[in-house]
Structure formats: C-alpha cells, structure tokens
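Single-structure report; data block below.
The values are calculated or read from the model by the stated rules, or taken from the named source; none is laboratory data. Remember, it's a predicted structure, so these values are computed and weren't measured experimentally. Because the Cβ atoms are built from the backbone with ideal geometry, glycine has one as well, and the counts that use them run over all protein chains shown.
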Amino acid sequence: MGIFSFVKDGVNELAIARPDACKGDIIYKHPDQTIPMKAQLTVDADELALFFRDGKFMGQFPAGRHTLDTGNIPFLGQLVDKFTGGNVFIAEVFWVNTREMTSIKFGGQIGKVRDAQSGLLASLMVHGTFSARVIDPPKLVLGMVGMQKSEGNAFLQWFRQQVLKTIKDDIAELCVKKKWPLTDVTSGAYTEEIELEAIDGIRTHVESYGVEIVRFGDFHIAMSEKDEERLNNFYEKASYINMAGGLQGYQQMAQADMMVSAGEGMAKGGGTGGGMMEGAGLGMGMAMAGQMANSFQNPGGQQQQGQQAPEPNTPPSGMNANMVTCGGCNANVPQGKFCAECGNTLAVAGPKFCSNCGIAAEGKFCSGCGTPAP
C-alpha cells in the first residue's frame, strides 16, 4: 500500500512511497489521508509528490527522501490536525510522473473524406502511438483527475479522443486546402505535415490540463480496400485519357483494348479448335486493334498536323493552256513543232508558234520578237 514502518534510533517511524507495482502509472494517490509527523516521504527521480487539503494545492516535494516536519517545511503547518495534538498531518498525497511517456496507443475512424483530384469520397482510418509529458502536475490533478482515488492511467482515454478528433479535423482540412490526393495521403507522403498540424492543434486542447503531446510514434492513415481500388482505377483511366489526348482518344483506346480481349476470347473460346482457331482469333483481335489505333492516330480520315496530302500529278504552271493531242501517238503534250513523246511533227489546228521565242504567232510576223511567222 506504500506504507511501511521501520525502526530508527529505537523509534518506530513511518515511511510512505509509491508501490513498485504502480511505478508505471502517471498518477498514484496515497490511500491514507492521515500521515504521522516525522514520516519519511520517498520521491523517485522522475516524479513529484503533491500535497492537497480540502481540494486546494498546498505544496510539492521534488525527487529525494524527505522528513515531514513543520520545522523545515513551512507549508506542512497548514496540514497539521490540532485534534491529535499536532502529531498528524491531514492531507491527500499524489505522486505524478514527469517523464515522457511513450507508446500511448490511439486509433479509430476518421470518416469519409473527399478526394481533391477525383471528387470521390473515401473512408479513412488512423492508428498509431504518441508520447505525452506532464508539464504542470497540480493542473492535471485538479483539472482532470480530481481528488478521487486514481485508477492508473484511465484518464488517458480522454487524451486519445482529443488526438483522434484533432487528426480527423486536420486531415480533412489539409486535403481540401492543399488538394492532396488521398492515395498519396495513405501512402505516407504527407505524414510529417499531418503530424505537425495535429500536434499544434492538440496543444490547445490538452495543455490547459498540464499535459503536452510531445510527438507521434507509429502513425498510419489507411482507407478501405474497396475505396482504394476505386481511386486507383480512376487514376489509371485518367492517365489513359491524358496519354490519348482527351476523352475521345481514350474511348478509342478502350475499344481497341476490348477488341484485343475479344480476339483472345475467341482464341480460347472452344478449347478444341487448336492452333488455327487460336491464331485466327488473335489475328482478328490484333487487326481490329490496329484499325482502332489508326483511327485514333488519324480520326475522321483527316491529315495529322504537320503532314501534307500528296498533290495530284499536274503539269507545271503555265502549261495547262498550251496542251494539245499528238496526231501520231495521241499523247497529251505541250504545244510546239514536235511531239514531246514520239518526235513527230505536230499537225494540229490552232495557233502557230514563233520559231525564235516560242510564243503564239497569229499574223505574218511574231508579235513578241518580229520574226516572220512559219
């Protein structure tokens, strides 16, 4: 019970200390409010001993061994019970650990959060550990535990709830403000940022009780397998759309993929067709896919940007108006004295041409150079 007697110089004295079985508790309350004068109080290196009376904090003892005597500890005079002749203190004594307490587990459902990229809702959950430290022991006893008998670390459940509540609010807010994809959040890409935001947010809730959340240990955010699969499928299709240059291109790619799958299905469908049927099925699927790919590369039969359609085989500029049919070979050749295909003299009705400059000569002399017309 933390109370034992020992004999010192022939005098039976009382010693009080925290029992070894309760060393791991953040708060331990001494079970007896009557403490004899000259009792020996033991306080470990990582704790403080607090004295209360009538719900008021009277004083505290640091680490070490202390003899409870009003002669050397002034505030104890306020605890003396005069009805016992001044030989007994009436006080409630608490031992409070001041070391950093690690591996405090927490976890639970965050709820549905909307993915900033896809707009889809996903159910998130979080679990992990955090460490806490008592920075103001009297505040913790008065504000959180009270004067009742403390049952170990039962009050820590309230701090776990505050951690979960703050993380829930911060994750939803950060995902909206920073437009984080939820798949990146669950992969751990933003764990450090979330931890810092959560610790700052928790501080306002717990420091008024004399406790601070120091850091997070294992910290993991997850989503249900069904929601994770939905988001992964969405992003996979979105990447296809991006590669295909738009929704129409993605649809064509999807159709091509469907055709290949259909060909594979035809190849495997009967199970008894052998190699010829298998080859035919795959060949049909690949051919369909090739046609769809060509359609994607050149939708609507239009030329792709940067390519020019071949021009028809037309004669050079200026020759269309001077084409005649050769009487010897019936070839369509430029007007002149001789056929450009067979070499025979062109005997055609039409204008004559100047032997010097080659332009049409309608009169006796060429209108271009004055040479007599043929």
**Asked** Name the pairs: first residue in the range 123-139 and closer than 22 Å to residue 52 by Cβ and basic (Lys, Arg), second residue modelled with pLDDT under 95 and assigned to a strand (DSSP E or B), Cβ to Cβ under 8 Å, at least 6 apart or on different chains?
**Response** 133/101; 133/211; 133/212; 133/214
**Item:** Residues of the range 190-229 satisfying the condition of being farther than 19 Å from residue 168 by Cβ and free of Cβ contacts under 8 Å to residues at least 24 places away in the same chain
**Value:** 225, 226, 229
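Could you count how many residues in the range 112-141 are of a type outside the set (Asp, Glu) and under 13 Å from the mean Cα position of the chain (by Cα)? Outline the logic, then answer.
First pass over the range 112-141, keeping only residues of a type outside the set (Asp, Glu): 112-114, 116-135, 137-141.
Filter once more, so that each one left must be under 13 Å from the mean Cα position of the chain (by Cα): 113-114, 116-118, 122, 124.
Counting residues in the range 112-141 that are of a type outside the set (Asp, Glu) and under 13 Å from the mean Cα position of the chain (by Cα) gives 7.
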**Request:** Check the range 13-24 and report whether any residue there is modelled with pLDDT under 85 and either in a strand (DSSP E or B) or acidic (Asp, Glu) (or both).
**Result:** yes
**Asked** In the set 156, 182, 174, which member is among the hydrophobic types (A, V, I, L, M, F, W, C), surrounded by 13 or more Cβ atoms within 10 Å (Cβ to Cβ) and either out of contact with any helix residue (DSSP H, G or I) (no Cβ under 8 Å at 6 or more places or on another chain) or under 22 Å from residue 60 (Cβ atoms) (or both)?
**Response** 156
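Are any of the residues in the range 125-143 in a helix (DSSP H, G or I), hydrophobic (A, V, I, L, M, F, W, C) and in contact with a Ser or Thr (Cβ under 9 Å, 6 or more places away or on another chain)? Give the derivation first.
The initial filter retains those residues of the range 125-143 that are in a helix (DSSP H, G or I), namely 137-143.
Narrowing further to those that are hydrophobic (A, V, I, L, M, F, W, C): 140-142.
Okay, now just the ones that are also in contact with a Ser or Thr (Cβ under 9 Å, 6 or more places away or on another chain), so 141.
Within the range 125-143, one or more residues are in a helix (DSSP H, G or I), hydrophobic (A, V, I, L, M, F, W, C) and in contact with a Ser or Thr (Cβ under 9 Å, 6 or more places away or on another chain).
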**Request:** Find the residue count for the range 106-119, including only residues that are surrounded by fewer than 14 Cβ atoms within 10 Å (Cβ to Cβ) and in a loop (DSSP other than H, G, I, E, B).
**Result:** 1
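Among the residues that make up the range 62-75, is at least one of them in a loop (DSSP other than H, G, I, E, B) and within 51 Å of the chain's Cα centre (by Cα)? Steps first, answer last, please.
As a first pass, look at the range 62-75 and keep what is in a loop (DSSP other than H, G, I, E, B): 62-63, 68-73.
Filter once more, keeping what is within 51 Å of the chain's Cα centre (by Cα): 62-63.
Yes: the range 62-75 contains one or more residues that are in a loop (DSSP other than H, G, I, E, B) and within 51 Å of the chain's Cα centre (by Cα).
Looking at 39, 63 in this structure, which one is surrounded by 16 or more Cβ atoms within 10 Å (Cβ to Cβ), in contact with a strand residue (DSSP E or B) (Cβ under 7 Å, 6 or more places away or on another chain) and of a type in the set (Gly, Ala, Ser)? Before the answer, list the steps.
Numbers: 63 fails: surrounded by 16 or more Cβ atoms within 10 Å (Cβ to Cβ).
Every option except 39 fails the conditions.
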